[in-house]
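All remarks here apply to the structure that follows.
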Amino acid sequence: MGYELNEKIRDLKPYDPISGDFPVRLDANESFIQVPQKILQKISDAVLSIPYNRYPDPLAKELCESFGNYYHLNSGLVTAGNGSDELISVICSAFLMKGDTMLTMSPDFSMYRFYASIAEAKAELYYKKPDMTIDVDKLIAMANSSNAKLVIFSNPCNPTSLGLKREDVRRLVTSVNALVVLDEAYMDFWDESLLDEVVSYDNLIILRTCSKAFAMAGIRLGFAVANRELTNAMKAVKSPYNVNTLTQKAGFVILQEGQWLRSCIEEVKASRDMLYERMSILESNYAQRMHVYPSVTNFLFVKISQADDVYYQLVKSGIAVRYFGDFLRITAGTKEENEKFLLAFEKAIRL
Ligand SMILES: *Cc1c(COP(=O)(O)O)cnc(C)c1O
């Protein structure tokens, strides 16, 4: 007897974006902010009273209520996930049938295509313009001509750091015969969310996460928000106990800390602005070599000639950033981390 892996999984490798020890980690768009002791204590207290012998609340009611309160939403329209990554996986496997077309963009978050391929769907790609902006009319035309059942993209976009305005997203949602999944993982850093009007559409799911602006990547917690019918479907197809009780408690505590969360967002934006300003000065000195895209997120996207050389120089200095072909993506860090990065980057680009 011999067992062979099927062709859709045969060549897959475990996700391990970076190996090695890096004193400066600016590669994963995490927050550089540590949760303060006072809030950690509240999490510890909450975790002490968990009935560990019992399964978690499958609908994570308390948690979804605190999410609803923070964003002023009806918590009945919120589904919690084990990171928004899990929700993307659930959406691709449940809302797509084998052979269906999913439309996404390039560049954009690579997990969309990955989950579509596991769902045996076809991924169509809209290629962004060289300035990384999106022609929404072309995108709409492509969704309709390819008969896409699902259109999924990040807004603001990882990795380009640019955003689409509300008006454009509305036009897209109302012009396609597809479910639109709007991944707003970085929208806490910008102000063009469609959360407030999500119930007005029968084909829109918005994803949010605690991993970026809320400094909680470690607990794995994300949310989907949609109208009643889509929410019922989401809750019915997800695995019942997808968000463990520890995460539900920690997420509940964090989402009660509105003032702290808003201060984190401001602190991260200030770091990004500082990094952008300093990189723009470098760009004016090395204009043939590099271009920094304006950012509405917590990271910068930089086009660089010989990006691979620059990347390896940074790695040698113990600094991790994300490398994509002709581009680097750099997460805003602490002041010290940004300075270390800038020093190493300038040295590398002078070579
Ligand atoms: C980081 C990221 C996520 C993943 O969020 P998790 O909640 O940590 O799974 C989703 N979408 C985009 C675009 C991201 O950059």
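Key figures
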{"quantity": "Whole-Hz ³J(HN,Hα) from phi, Karplus 6.51 cos²θ - 1.76 cosθ + 1.60, for segment 44-52, glycine and proline x", "calculated": "4, 4, 5, 6, 5, 9, 6, x, 5"}
{"quantity": "Contact order normalised by residue count of segment 257-307, Cα under 8 Å, 6+ apart, percent", "calculated": "29 percent"}
{"quantity": "Cα centroid separation - segment 1-60 against segment 118-191, whole Å", "calculated": "27 Å"}
{"quantity": "Among P156, P51, F327 the positive-end extreme of the charge dipole of the chain (Cβ point charges)", "calculated": "P51"}
{"quantity": "Overall Cα dimensions of segment 175-235 - principal axes, largest extent first, Å", "calculated": "35, 26, 17"}
{"quantity": "Relative contact order (percent, whole number), segment 37-257, Cα cutoff 8 Å, 6+ residue spacing", "calculated": "28 percent"}
{"quantity": "Cut-off under 5 Å, modelled amide H: who pairs with L179 long-range", "calculated": "L150, V151"}
{"quantity": "Ranked packing of 166-173, 182-189, 224-231, most packed first, by mean Cβ within 10 Å", "calculated": "182-189, 224-231, 166-173"}
{"quantity": "Normalised alpha carbon radius of gyration of the chain [divisor 2.2 N^0.38 Å]", "calculated": "1.01"}
{"quantity": "Residues of segment 214-232 with amide N under 16 Å of a point placed 7 Å along Cα→Cβ from A46", "calculated": "214-223"}
{"quantity": "Percentage relative contact order, segment 211-351, counting C-alpha pairs under 8 Å, at least six apart", "calculated": "18 percent"}
{"quantity": "Alpha-carbon centroid distance for the pair segment 238-274 / segment 202-228, whole angstrom", "calculated": "10 Å"}
{"quantity": "Cβ-Cβ FRET estimate between I39 and L343, R0 fixed at 30 Å, reported to 0.05", "calculated": "0.35"}
{"quantity": "Nearby lysines by direct alpha-carbon distance to K249 (threshold 28 angstrom, same-chain neighbours under 8 apart not counted)", "calculated": "K38, K42, K61, K212, K235, K238, K269"}
{"quantity": "Stretch gain in nm, segment M1-N232, where the contour uses 0.36 nm per residue and the Cα spacing is subtracted", "calculated": "78.8 nm"}
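No lab work stands behind these numbers, since they all come straight from the coordinates. No experiment lies behind these values; they were computed from the predicted model shown. Every residue, glycine as well, gets a Cβ built from its backbone with ideal geometry; the counts of neighbours run over all protein chains shown.
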